[in-house]
Amino acid sequence: MSVIECKELSKAYGRKKALHQVSFTIKENTITGLIGRNGAGKTTLLKIIAGFIRETEGEINVFSRHPFNSLFVSANRIYIDDQMNFPNTLTLKDILQSAATFYGNWDQILAERLFDYFSFYPTWRYQQLSKGMKSTFNMIIGLSARCPLTIFDEPTTGMDASVRKDFYRALLKDYLDHPRTIILSSHLLNEIEDLLEDVLLLKDGEKCLYLSIDELKEYGVYLKGSVNCVRDIAGDKEIMYEKSLGNDHLLIGIKNTLTNLEIEQAVLMGVQISPISTDDLCTYLTNKTIGGIDDVFNRS
Amino acid sequence: MGGGLWLIIDSDHSKPIYIQIAEWLETEVLKENHKEHEKIYSQYQLADMFNINPATAAKGLSILAEEGILYKKRGLGMFVSENAKEIILSKRKNQTLKRLVHDLVLEAERLHVEEDELIDMIVKENRNRKGRTS
Amino acid sequence: MMSLTEVKLPDIVRKQFFYKVKAYLSVFSSLLVVQVISLLLSTNGSRMMGTSHNGFSIDINYYTGDISIVLTLIWSFITAIIITTKAYRNDDFVFVSNRVSSHLSNIVFLFFTSVIGGVTAVLAGQSFKVVMHLFLKDGYVMGTAIPFHELILSLIVSVMYVFLLAALGYFVGMLVQLYRWFSVLLPTIVIGYMIIGARVGGEPILIVEIFKFYAQETVLLLFLIKIILTSCLLFFISSILTNKLEVRQ
């Protein structure tokens, strides 16, 4: 069963196109990573899915319903970002209690245990918390609600590395016990890649790639060696990254479509082949030029 | 990351994780930690142990199922096949070892090492090992 | 997959209402401040009269608790505008909501605040007179005793007026949310009209007529119906107009 269906989804603010004809389907019980640069349209897409804003064109169905203004969708999804403003008249304990009344699958024991584990005090107020603590608290709510569709939009803002690791681990463990559909938008793909099943990469409001994490890990390879040999092997394949190393050496990144024969040739020619990591790959695919930031400094 | 099983994952990412999982399971079977017709770890258990998505773990399991090392019992999970050990050993000889030989020969060709010299190197290394272990 | 929950609108409205009562506590504390200020202002006396004749002089000071109700009306109007602002509207969407449930829970909440506001205004006014009775030493203090059923009547009427002002405030607030320029246009029209009206005939006719429509109604039931219908109309229009408003942007 598909939980989210997008067909040619577009969202424009005046003349600016935040999303342009995005189409994809997300199946139930999957963890999908939503990746892209700032301004690529990730948050816009997630807010349309959550029902907060409305699409300009195209179709969007969540649980087979149009999410905007749907009470049903609202009750079965939760959207966690770093703009959750809980009122200051409630203590943290009150907020958890309020959340419990709204969500049918709320697990109070899990919430309390996470609450204690991350050293919160029940009498604290939300506005007193540091940015990282706010994110941690938001995460507790997101996990404990056990909504069939759980959306985390850059949930780790301000969290230190060990808390982030705890978050990913807690997310995985609860997902294993209570499978649901999770969308996780993050800038730290290298940290979350093992947690993901699928990856949706957005570039300038358009869908760039939608693959399983395994396919993404095998998507691109580096060729490193002398300029001539490397260019020979690469042939006329599309180059997504290029960097010169010293006088005669070249490093390029291409899509992994090499045949076994070509691989053998490469080894014989002394060209090293290595996989492109997922976060580098996403950077290259969304770069403006194949040289990346180095082009700013290459004045020749 | 915690210690233990999590360190087994090849941290330089050159082998896909689902293949690493498959190989680890093969080793478990060879060591007889799981005997024939015994239930092997589920995708969820593997996901928990290795801190990965269960779909990735499931991929590792299905590779072994395709090769006949595991079989599926509807509703109950994956079990170790009758001749699992033999299949694994044969696979390792025919595929893994053969691949290493292929890579070795290719590298030798790249370095312009003659066949005789290459065989010499292999024999020497073999004798060295035998000498050390006897 | 986690099981999908079916939800009913009344349940959500109820839950949102209780959440709002806890979350918007500052509304009630500001009401308290308003009542205290109104009492302090009332001690000044509302009118004074004096006359002297043949060596006698009489000074009459009128004290009334009316200021309470006036300030409460203003408080209600402003509170209703405040809850239509972005920050408060977004609060609803942290958990489960749609725009209909948001409006309905706001209406219930505003009715709740109107009851509290109206009742405290009347009681404050009354208790002020009692206090003044105790404190005024020189001269004679004369007060009219109010029969109990009239007290109840004044409670109901106050609550209704406060609620009407809330509906008006909500309507205005929502219009401003829709079209920013309303926040400049509306005050300009209202104040401009009052100034012109005052200059020409001594009274801004339209506003006085509207006021008389409610204030001169002698039948309680008709009065209630007028207020409720007007309020419902205002709330209804506000909801319809803003049903497509985006949140949490």
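Throughout, read-outs are computed from the coordinates displayed, never taken from laboratory work. Note that the coordinates shown come from a computational prediction; the quantities given were computed from them, not determined experimentally. Cβ atoms come from the backbone with ideal geometry, glycine included; neighbour counts cover every protein chain shown.
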Can you put C:Phe128, A:Phe24, C:Phe56 in order of Cβ neighbours within 10 angstrom, beginning with the fewest? C:Phe56, A:Phe24, C:Phe128
Could you give the C-alpha radius of gyration of the protein assembly as shown expressed as a fraction of 2.2 N^0.38 Å, taking N as the number of residues it contains? 1.39
Treating each Cα of segment C:89-163 as an identical point scatterer and ignoring solvent, apply the Debye formula and state log10 I(q)/I(0) at q = 0.23 Å⁻¹. -1.00
Project the alpha carbons of segment C:12-84 onto their principal axes and report the range along each, largest first, in whole Å. 73, 17, 16
The protein assembly as shown: calculated mean residue ellipticity at 222 nm from DSSP helix runs of at least 4, using -39500 (n - 2.57): -16500 deg cm²/dmol
Hey, could you grab the Kirkwood Rh for chain A? Inverse mean 1/r over distinct alpha carbon pairs, Å, one decimal. 21.3 Å
Compute the relative contact order of chain A as a whole-number percentage, counting only Cα pairs closer than 8 Å that sit 6 or more residues apart in sequence. 19 percent
Mean projected area, convex hull of alpha-carbon positions in segment C:170-249, reported to one decimal in nm², is 6.8 nm²
What percent do you get for the relative contact order of chain C when only Cα pairs under 8 Å and 6+ apart count? 23 percent
Fraction of the pair-distance distribution of chain C above 27 Å, Cα-Cα pairs, percent: 48 percent
Run the simple label-point estimate for B:Glu115 and A:Glu206 please: 7 Å along Cα→C-beta, distance reported in nm. 5.5 nm
Nearest 10 degrees, 0 to 90: what angle lies between the long axis of helix C:182-200 and the longest principal axis of chain C (Cα atoms)? 30 degrees
Provide A:Tyr219, A:Tyr284 in ascending order of the number of other Cβ atoms located within 10 Å of each residue's Cβ, fewest first. A:Tyr284, A:Tyr219
Most fluctuating residue given options C:Phe235, C:Phe77, C:Phe135, as computed from a GNM of chain C linking Cα atoms under 10 Å: C:Phe135
Determine, for C:Leu222, A:Leu209, the number of other Cβ atoms within 10 Å of each Cβ, and report the residues in order from fewest to most. C:Leu222, A:Leu209
For helix B:54-66, what angle does its Cα long axis make with the longest principal axis of chain B, in degrees from 0 to 90 and rounded to 10? 70 degrees
What are the extents of the Cα atoms of segment A:46-134 along their three principal axes, listed from largest to smallest and rounded to whole Å? 45, 25, 22
